[in-house]
Structures are given as C-alpha cells and as structure tokens.
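Here is the structure we will look at.
The values are calculated or read from the model by the stated rules, or taken from the named source; none is laboratory data. Only a predicted model underlies this, so the values are computations on that prediction, with no experimental measurement involved. Please note: Cβ atoms are built from the backbone with ideal geometry, for glycine as well, and neighbour counts cover all protein chains shown.
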C-alpha cells in the first residue's frame, strides 16, 4: 500500500480509505495482511516524527456507531506508556487492542482474537512487547501478590527459556529482562497458532499474518 501525502491511502485501482476517516467494510475487505502491517509501520513513523494525522474523532464515533471494521489486532501490555492507538497513530474503529500485563495470550485473549479475525475481519495480529516492562520484571523476580501471581506465571516460560545471559537472573539485570521480554513476544506469537485452529487456518489460507514487535518506551519507536 502506498501513502499519498496529504491525500488518500490507496492500492492499485482501489481506494482503501480516506486518510483520517473511519475504516469501512470495503476497505477492510480489500486490505491484505502485508498492507495492514505497512500501515501500522507507517503509523509508528508518524508517531515518532510528530506527524500524526488530524482526525475528527467525533465524526469517527458517528461513522462507526452501527458497525466496526478494524484491520488489525494489537495484543499489548497494560503499561500506560504503550497505548496502541497512539503508538501506531490509529483512529476509532481501526484496530482491536486487547491488553494484559505482560502481553501474553491465554484462553480468553485467544478467544477474543478469534472473534477479531475470523468474525470481524482483521487481517493482522501484532504481539507488542515493550522495554522496561514491569510484568516481565516481576516474572523474572518470581514476584507474588494476590491474583498477580497467577498472571505473571504466564510469562514464566519465557524466563526459563532465556539461558544465554551474563549476570543475575533478576530484574536488576536489564539485559536479562529485555531478553525475556523478547522471548515472551516470540512465544506468544507461537502460542496463537498452536492453541488456535481458527488462527492457524487463517494464516495457512494467507488471510492473516501474525508478527511480533517491541516498543521502546524511551523513543516511542516500534521494531518489528
């Protein structure tokens, strides 16, 4: 998908959707997984460069009141520094944004993403981790606190998988924490197809792409 500066997002012979306007059913249907990924990458570039699109959000509210046609799902952490709609410069109705501490995928999250893709038509899933993740740090330290203990146990496989790191295996070792965060993203991407026949089939049919990404909270940049 090419972006025509100040005008429209287009693909050969077909209008996708007007820049700054709500996503439509026809635009969603026409978009490919690769085009969806390109749009999120372009959105992050706009965010980092301070060139975010001007949007009439109330107009988008009205346009989406009777239906939604998001083209992507961003599975992210609850961290307040990583709001997907802002990080990728997206508007109302553009993306689904399931969020949970540590951006892992359990049964509830996977079921929600199956709805977002198979039933609602999203073409892309991004598992978005981030630097300085408190949930990952807690998992590295084996933190225990009420129900959070169970939540952090979902990140434990990534902690155990990281073995090639010097220094302590704790939150005091920033290199270890980041390697666990990276591994957690990789394992979550893997989990989505291993635990979901629905998502696995969509990927096999080339109707869906699943990718991992890492957001740097110091710069705002997302690396895919």
- [ ] Would you mention how many residues in the range 53-76 are surrounded by fewer than 23 Cβ atoms within 10 Å (Cβ to Cβ) and part of a loop (DSSP other than H, G, I, E, B)?
- [x] 10
TODO: Could you check, for the range 94-108, whether at least one of its residues is in a helix (DSSP H, G or I), surrounded by fewer than 21 Cβ atoms within 10 Å (Cβ to Cβ), free of Cβ contacts under 8 Å to residues at least 60 places away in the same chain and under 13 Å from the mean Cα position of the chain (by Cα)?
DONE: no
Task: Selection status of residue 166, more than 30 Å from residue 64 (Cβ to Cβ), free of Cβ contacts under 8 Å to residues at least 40 places away in the same chain and under 18 Å from the mean Cα position of the chain (by Cα) - done: no
Task: Complete set of residues in the range 158-194 that are out of contact with any helix residue (DSSP H, G or I) (no Cβ under 6 Å at 6 or more places or on another chain) and within 18 Å of residue 210 (Cβ to Cβ) - done: 182, 185, 186, 188, 189, 190, 191, 194
Open item on the list: Of the residues 59, 49, only one is at pLDDT 95 or above and out of contact with any strand residue (DSSP E or B) (no Cβ under 9 Å at 6 or more places or on another chain); which?
Closed with: 49
